[in-house]
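Peer 1: Sharing a structure here in C-alpha cells format.
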Amino acid sequence: MKYFINAITRWNDFSGKTDIKSFWIFFLIFSLMGFPIGFIRSLIDFEYLFTIYIVIMIIPYMAIGFRRLNDAGINKFLFLIPFVGLILAVFPSKIRD
C-alpha cells in the first residue's frame with residue numbers, strides 16, 4: 001500500500017524515476033480498486049462514482065508511468081499510447097555508468 005500512497009503523493013513529479021516494483025504494485029492496486037468502487041456504486045446508485053475515481057487517479061497514473069519509462073531509459077511520452085506504455089514499463093532500469 002505504501003507504493004500506492006507514494007505514487008499519489010508524487011502526483012506532480014513527471015521527470016523523476018520509479019522502479020519496476022513500485023510501478024506494478026501501483027498499477028495492481030489502481031486496477032483492483034475498480035471492483036469495490038463498482039460495488040459501492042451499485043449500492044448507492046451513483047453512476048458517476050467510477051468516472052470520478054478515474055478522473056482523480058489519471059494524473060498520478062500518468063506521472064508514475066512517465067517516471068517508470070524515464071527510469072528504463074525510454075521516451076516517457078510513449079506512455080501516452082494505450083497498452084504500449086504498459087508493455088514498455090516491463091523493461092528493466094537503465095544501467096548508469
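Peer 1: Just to be sure before I move on: is residue 20 touching a Ser or Thr at 6+ places or on another chain (Cβ under 9 Å), among the aliphatic types (A, V, I, L, M) and under 22 Å from residue 93 (Cβ atoms) in the structure I sent?
Peer 2: yes
Peer 1: Could you check the chain for helices (runs of 4 or more DSSP H) lying wholly inside it with 2 or more residues that are in contact (Cβ under 8 Å) with a residue 24 or more places away in the chain?
Peer 2: 2-9, 20-32, 49-72
Peer 1: Anything in the range 61-92 that is touching a Phe, Trp or Tyr at 6+ places or on another chain (Cβ under 6 Å) and exposed (fewer than 11 other Cβ atoms within 10 Å of the Cβ)? List them, or say none.
Peer 2: Correct list: empty.
Peer 1: Same structure again: Counting only residues that are under 15 Å from residue 69 (Cα atoms) and among the aliphatic types (A, V, I, L, M), which one in the range 1-57 is surrounded by the fewest Cβ atoms within 10 Å (Cβ to Cβ)?
Peer 2: 20
Peer 1: State yes or no: is residue 89 touching a Ser or Thr at 6+ places or on another chain (Cβ under 7 Å) and aliphatic (A, V, I, L, M)?
Peer 2: Answer is no for this residue.
Read-outs throughout are calculated quantities, based only on the coordinates presented, and are distinct from any laboratory measurement. Remember, it's a predicted structure, so these values are computed and weren't measured experimentally. We place every Cβ from the backbone using ideal geometry, glycine too, and count neighbours over all the protein chains shown.
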